[in-house]
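Below is one structure, written out as structure tokens, with a few remarks after it.
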Amino acid sequence: MIPTSPVTALVDHAAGLVKSLADTISHGHDIGTMSVAIYDTAWLAMLRKKDNEGGEYWVFPESYRYIIEQQEDNGGWSTNRAQVDTILNTMAAVLAMSKHKNHPDTTGCPRNELLPQRIDKAVIFLQQYLQAWDIDNTVHVGFEILVPKLLSLLHLEGISFDFPGQKLLQEHHDRKMSRFKPKSLYHLPESTMFHSLEAFIGDIDFDQIASKTVNGSFMASPAATAAYLIHTSHWDDEAESYLRTAIKLGEGQDSGAVPCAFPTTIFEVAWIQASDLLKTAPGFEADADDTAKSILSLNLYGDSFDVSAMLQRFRGSTSFKTYVQETNGSLSVNCNVLDALITSVQPEKHMDEIILITNHLSDAWERQQFVDKWNLSLFYSVKLLSQAFTRLLRLYDQDLLIALPESTIRKVTRVLLAVTIRLLRDQDASGSWIENGNSLEATAYSILALKHVCNLPWLVTIQTDIVHAIERGRDQLLRRKSNWSEGDYIWVEKVSYRSSVLSLVYCVSAIYFQPLIDWSNKVSSILGIDEPRVNQFSKFFSALPMFRDTPAWLTKVSLVESYLYASLLQNEHSVVFSRKGLTKDKYLEYIPFTWLGCNNLLGTPLGRQELETMMLISMLNYQIDEFMETEVEEQHRNDISQVRSLVERICQEAFERFQLVKFDNLNGTATASAGGTFANGHKHNDLKHNENDYHTSKRVKLLQTNGQHHDDGHLLGVKATLRAFLRYVLQFLPLDKASTMVREGLQTEITKFLLAHITHAQDNIMLQRQMDNIPTQASDKPLECCFIKGHQLSYYDWVHTTSADHTSAPYSWLFFTTLISQAENLECFQTASSRYLAQDVCRHLAIMCRQFNDLGSITRDFAEKNLNSINFREFESQDRDVQAHSKTELLFIAEYEREQMLLAKSRLALKVDEKIMNKLDVFCQVTDLYGQIYVARDIASRVKGMKKSA
């Protein structure tokens, strides 16, 4: 059981916090606990006002003094979080110092003889810092209009910068401004652009927006309000009063420093009320985030609230927007809106919106794009996601969301399992979760997320591990209780900020535990988990070298996750190949875990679509092997030469026609492809046909009507199946966008793969004839060790050519690298050396795979009379136990191939993108894992009745 007793001191602490906020607000005072911002403070430092004698004085000398005091030894004003923070802070500070240097007659600030040197040092720092700015990964509010404006203002001061991302920054600026005309501010009643008013200096007449202030400010922004005062021709006393209030009541505590927004009353109160412990002030444009959080707070307190206005104003085509004019959405906002909807009195009335948001959030997680625009901590988004999704499942379990599609429920389930894995894996040895050196809030968010997933019915097998992780995190928080109010710079505005109150609230909330929830069979049965089977497989995989030192929870949760993908393989397993005459497909139980287990072990570099695609390819590779053995080798052993010619022709035709035809519906009808490629985003049941009417399916008919040759009549079944196999495989790849080298390489490898099966079939027939002619009593050695005679290749040559190609690893490797190149929009191997090393890695993998396969399938190969590595003369020995000796030798060679693979892979890692390499590592691990599985047990389907004699 999870402990539920609260700590009395913490209860008092929480109550005191809420009372303090309530008292402040009840006395008519606004609140704001955002940390101070150098950026906004610098704008106040630039503010000059005429005195009664016609001169000018600096209005906020304390702000200028604060800027000077905070300059660092390197010349800049850095932060420990986002690059753009340092850039904006330093630019604004340099602009303020330059204004003071160029207006020496303005009174109010003492002269600073070192000011020119300070400016020079800051300019040098900024010039160097801008060289490494990653613009594409910058998420802060309005940076694309603020930085260009500061660059232009500094240029007017005689200070210019040149950096690699300048052109890209201008493109971002132009794209944003193409949708907004600055002078429209004269007529708009409200707009988020007022919050970044300083970006329109020189573009608008500030006198014409004087009436837009609320309580003296422009959308509670000190920087925007200061910019207005600098550029209006009439002094606004109310605006000055607002700025003085921000200095006095903000976190700067009369130091002259101000936050990037003040006040933030609604934001902080709504976040506190909606936290597990139980946006801003007037003048801000209404937004979905504060609206949703406020509605959620009211819902949790039992006060129903009409959400129709929120839905009407902020709903977009695929998700909810923070603001009406927003172009890029927020994950946290959509989590909060979903939470508000599912805690409403009649959530089923909002089913369309619930499905919309759920799909948006699920897709974002599965695309591995879950960094939010309002909070830089991944764990904050994870906390909101797990909270909303578990509440959603709870309503579904209680039959309050009956119309929720099963596909949506499975998405939610998949994300929650992935969230659990991420949280447990990222906890460090101390019990904390750390991001960029910060741990308190990240740890609090993670504990709160784990509290929600802990009671999920499919996680019973690892619930003890989850509770232990919560307790370790909780202990770490309690050890640092005195630091709870410090906060981390993870909240996003124009620059990053921290909030002492929110940090405290989340830390206190994380200490409490919710009671266990009883789930009905409705949710428990979503995955159809067989717990005894999970435990059985967990023991098996944990005994393998790859997972021997892996935490048991990771193996178990990966097995649980595998159930989500089992139905995919079951639905597709007879799409291309008939399963008649074969025993149970044991490999279907293994395939999902091989990919999920390795992916989770390496930090989940592969997304869902990549995983699903490779699981299907793995299944097809087993099936094509079975097909070649049962159909080609057994039924057409006298037509091997014709089958070889047929394979070459079909492969050629498949790559010639891939630009012309694709499947669009369940019937398999063909249509012209406007994009010149197969359906990427293909639904996995699009090609499914009736197994009982296999050769007359519309898909097979379509393939049979093209390019037939008069001598193929007796091979129509083989032709149709091989064509269906090629079509199925190629539909996943954007071959029209691939380079000629990749396209031709893939054609070569697939052709070699299929031809290797033909050659292997001929070798098997040769071996079968020899085995059939050996009387049992004629040898004192087991028939498993029968050595093939007359083979033209040495074992070394065979295992490097026919045998390696036969494993499917070479073509699958090229298929995989093409797939991930598409996903990353980046070619995996861009140099001759990287391509060479990649092929070397792949060849060693293929050889290793064959050798471990042969080690594990000696018995099956003997029963089915298939050629095995140990059937080559090189394994002949005078040892009495020939088979044991052969196994020892083969294992030695296989381990040697692994060593060479690892060496080549380490060299390759120096040549390719890190993200690409992480994905390649998963492929290598999966291949290695299959080798370990083969040694432990044989998982291929056995042919019923075995093979006929030659």
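Our coupling estimate for region 526-536, obtained by passing each phi through the Karplus curve with A = 6.51, B = -1.76, C = 1.60 and θ = phi - 60°, is 4, 8, x, 6, 9, 4, x, 5, 4, 5, 5 Hz, Gly and Pro reported as x.
Could you run the Debye sum over the Cα atoms of region 300-373, one equal point scatterer each and no solvent, and tell me log10 of I(q)/I(0) at q = 0.14, 0.22 Å⁻¹, two decimals? The Debye formula, applied to the Cα set alone, gives -0.43, -1.00.
Estimated from the Cβ-Cβ distance and a Förster radius of 60 angstrom, the FRET efficiency linking residue 162 and residue 486 is about 0.95.
Which of the residue pairs 101/494; 149/183; 248/293; 50/149; 121/167 have a Cα-Cα distance greater than 18 Å in the structure shown? Over 18 Å apart, Cα to Cα: 101/494; 248/293; 50/149; 121/167. Relative contact order of region 78-151, taken over Cα pairs closer than 8 Å and 6 or more residues apart, is 47 percent.
The label-point distance for residue 190 and residue 363, in a model that sets each label 7 Å from Cα toward Cβ, rounds to 2.9 nm. Of the residues 161, 202, 96, the one whose Cα sits farthest towards the positive end of the charge dipole of region 89-243 is 161 (charges of +1 on Lys and Arg Cβ, -1 on Asp and Glu Cβ, taken about the Cα centre).
Per residue, the solvent-accessible area of region 471-596 (1.4 Å probe, heavy atoms of protein chains only, all protein chains present) comes to 38 Å². Overall size of region 73-186 from C-alpha positions, given as principal axis extents largest first: 44, 36, 23 Å. For the set 322, 604, the ranking by accessible area, highest first and with no ligand, DNA or RNA atoms included, is 604, 322 under a 1.4 Å probe. Taking trypsin sites (Lys or Arg not before Pro) across region 147-217, the ones in a DSSP loop with at most 16 further Cβ atoms lying within 10 angstrom of their Cβ are 179. In a reduced charge model with +1 at each Lys and Arg Cβ and -1 at each Asp and Glu Cβ, region 797-950 shows a dipole moment near 520 debye about its Cα centre.
Sparsely packed loop sites in region 584-613 (the trypsin sites (Lys or Arg not before Pro) outside DSSP H, G, I, E and B with at most 15 other Cβ atoms within 10 Å) comprise 584, 586. Close amide H partners of residue 493, meaning residues 5 or more places away or on another chain with modelled amide H under 5 Å apart, are 141. Karplus-based coupling profile of region 232-247, in residue order and whole Hz: 8, 7, 10, 5, 10, 4, 5, 5, 4, 4, 4, 5, 5, 5, 4, 5, with θ = phi - 60° in 6.51 cos²θ - 1.76 cosθ + 1.60 and x standing for Gly or Pro. Solvent-accessible surface (1.4 Å probe) assigned to residue 324 amounts to roughly 70 Å². Label-to-label distance, residue 635 versus residue 425, with points set 7 angstrom from Cα along the beta-carbon direction: 4.3 nm.
Rounded to the nearest 20, the Cβ-based charge dipole of region 494-613 about its Cα centre (Lys and Arg +1, Asp and Glu -1) stands at 80 debye. Residues 555, 801, ordered by accessible area of protein heavy atoms at a 1.4 angstrom probe radius and largest first, appear as 801, 555. Computed from phi, the 3J(HN,Hα) profile of region 166-177 under the Karplus parametrisation 6.51, -1.76, 1.60 (θ = phi - 60°) reads 4, 5, 5, 4, 5, 5, 4, 4, 5, 5, 5, 6 Hz, with x in place of Gly and Pro. Specify whether the C-alpha gyration tensor of region 418-461 places it in the rounded, prolate or oblate class, a ≥ b ≥ c being the square roots of the eigenvalues: rounded for a/c under 1.5, otherwise prolate if a/b is larger than b/c and oblate if not. Verdict is prolate for region 418-461. Available extension along the chain between residue 877 and residue 936 is 18.8 nm, counting 0.36 nm per residue and deducting the alpha carbon span.
Sites listed here are GluC sites (Glu not before Pro) in region 869-936 whose DSSP assignment is loop and whose Cβ has at most 15 other Cβ atoms within 10 Å: 876. In this simple spin-label approximation, residue 111 and residue 398 carry label points 7 Å from Cα along the Cα→Cβ vector, and these lie 7.4 nm apart. For the set 230, 357, solvent exposure ranked by accessible area (probe 1.4 Å, protein chains only) runs largest to smallest as 230, 357. Placing +1 on each Lys and Arg Cβ and -1 on each Asp and Glu Cβ, with no other charges, gives region 342-497 a dipole about its Cα centre of roughly 220 debye. Proximity of backbone amide H atoms, modeled 1.01 Å from N, is registered between residue 107 and 56, 57, 58 at under 5 Å, excluding neighbours fewer than 5 places apart on the same chain.
Fully extending the segment from residue 911 to residue 317, taken as 0.36 nm per residue of separation minus the present Cα-Cα distance, adds 209.7 nm.
The values are calculated or read from the model by the stated rules, or taken from the named source; none is laboratory data. None of the values given here were measured: they were computed from a predicted structure. FYI the Cβ positions are ideal-geometry reconstructions off the backbone, even for glycines, and counts take in every protein chain you see. When the accessible area is computed, the model is the full protein with side chains, heavy atoms only, and any ligands, DNA or RNA have been set aside. Shrake-Rupley method; radii C 1.70, N 1.55, O 1.52, S 1.80 Å.
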